[in-house]
Amino acid sequence: MSIRFSAPGRINLIGEHTDYNAGFALPIALPGRTTVEFEPADSGELVVSTDLSPDVVRIRLDTVPGDVTGWAAYVAGVVWSLREAGYPVPGGTLSISSGVQIGSGLSSSAALECAVLGALLQGAAVDRMEQARIAQRAENKYVGAPTGLLDQLAILFAQPRCAQLIDFRDLTVTPVPFDPDAHGVTLLLIDSQARHQHAGGEYAARRAACERAAEALGVASLREASSVSSLSGEDQRRARHIVTENQRVLDTVEALSASDFGRVGKLFTASHESMRDDFEITTPHLDLIASTAVSAGALGARMTGGGFGGCVIALVPSEAVDAVDAAVREAVRSAGCPEPTIEPTVAGAGPG
């Protein structure tokens, strides 16, 4: 019996770099999905292909970290992680079709992991939190990427027209209605075409600064901190972003409960300014896109994702979408940057 399973990409509405600080984040799933066609067979390997590469990769079911590299490592990692967790993994043929842009900060890797995971489980009832941990372990231990659980939780718990409020201290996920279109507001996803990367160890440096700040403040994590005034220099700026960003996530949830998209927009913009000035993870290119969108009529705009490239999201009154689109394209063109991709998006469904 052939199995077809798909999982969406995701963006984070607000709450950047808060996950490893036991804080809050508010992601949504996207309409774009990675789809897996799985044909089980009585063999000791998976034969894997993707529409993004001419290569066919053979993955032994007893694979261990280091065996497979490149894009197929995400598939091999899921095989290894499932077996480590005690779940049987069948052999067979796996064909991957990707509808999630790679390198734009839309979590194409987690979409692939969750799609492969769902296909290999073949309908077995496995708790979504357990699935998230299996997928995260694949990425951390097999691929070697030190990611938190945000991507996997955002995808696995997604619901249409809802964001997910994730509390990383308690590991709880609460749906939050998010349907701006019903209120005459459009969420624009602006792909800068600057490839998303944790440049030069900058991600690790931010994480280390947060850990130093928490230790200096005498708290287990920056989630517990209420003031950073006793700190100084770079560590104070890094910690201030985390403390204020956590509050912005909670304020955004409150504003959404009142359908106050004007306030949500202001919180988006404040978040971008904090990432630019205190956490220093934006780029002049992304700053230009965000500020131009607001000047042209957006309620607010912010970079989304880990930083140093990727996408900007903007909340725009629906009647101003064309004006914002044109202004951003012109500003980017005048600056000599690549032509952005700009499209309206909505909160999509989870895997299935």
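The values are calculated or read from the model by the stated rules, or taken from the named source; none is laboratory data. Nothing here was measured: the structure is a model prediction, and the numbers come from that model. Every residue, glycine among them, receives a Cβ derived from its backbone with ideal geometry; neighbour counts consider all protein chains shown.
Quick one: would you say GLY118 is surrounded by 23 or more Cβ atoms within 10 Å (Cβ to Cβ), in contact (Cβ under 8 Å) with a residue 24 or more places away in the chain and assigned to a helix (DSSP H, G or I)?
Values: surrounded by 23 or more Cβ atoms within 10 Å (Cβ to Cβ): yes; in contact (Cβ under 8 Å) with a residue 24 or more places away in the chain: yes; assigned to a helix (DSSP H, G or I): yes.
Spelling it out, GLY118 is indeed surrounded by 23 or more Cβ atoms within 10 Å (Cβ to Cβ), in contact (Cβ under 8 Å) with a residue 24 or more places away in the chain and assigned to a helix (DSSP H, G or I).
Given the conditions (1) assigned by TED's automatic domain parsing to the domain that holds VAL324; (2) over 23 Å from LEU250 (Cβ atoms); (3) at pLDDT 95 or above; (4) in a loop (DSSP other than H, G, I, E, B), report the number of the one that PRO160 does not fulfil.
Single failed check for PRO160: (1).
Which ones in region 34-80 are in contact with a helix residue (DSSP H, G or I) (Cβ under 7 Å, 6 or more places away or on another chain) and either charged (D, E, K, R) or in the same structural domain as LEU189 (by TED's automatic domain parsing) (or both)?
ASP67, the sole residue that qualifies.
For region 305-324, which positions are closer than 13 Å to ASN12 by Cα and outside any strand (DSSP E or B)?
GLY305, GLY306, GLY307, GLY310 - these are the residues of region 305-324 that are closer than 13 Å to ASN12 by Cα and outside any strand (DSSP E or B).
A quick yes/no check of all residues on (1) more than 17 Å from THR35 (Cβ to Cβ); (2) under 12 Å from the mean Cα position of the chain (by Cα):
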{"position": "LEU94", "(1), (2)": "no, no"}
{"position": "LEU106", "(1), (2)": "no, yes"}
{"position": "VAL126", "(1), (2)": "yes, no"}
{"position": "GLN131", "(1), (2)": "yes, no"}
{"position": "ALA138", "(1), (2)": "yes, no"}
{"position": "LYS141", "(1), (2)": "yes, no"}
{"position": "GLY144", "(1), (2)": "yes, no"}
{"position": "PHE157", "(1), (2)": "yes, no"}
{"position": "PRO160", "(1), (2)": "yes, no"}
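Return the pair list, or none, for Cβ contacts closer than 6 Å from residues in region 21-48 that are within 22 Å of SER98 (Cβ to Cβ) and touching a residue at least 40 places away in the same chain (Cβ under 8 Å) to residues that are among the β-branched types (Val, Ile, Thr) and assigned to a loop (DSSP other than H, G, I, E, B), at least 6 apart or on different chains.
Listed by first residue and then by second, the contacts come to GLY32/VAL100; THR34/VAL100.
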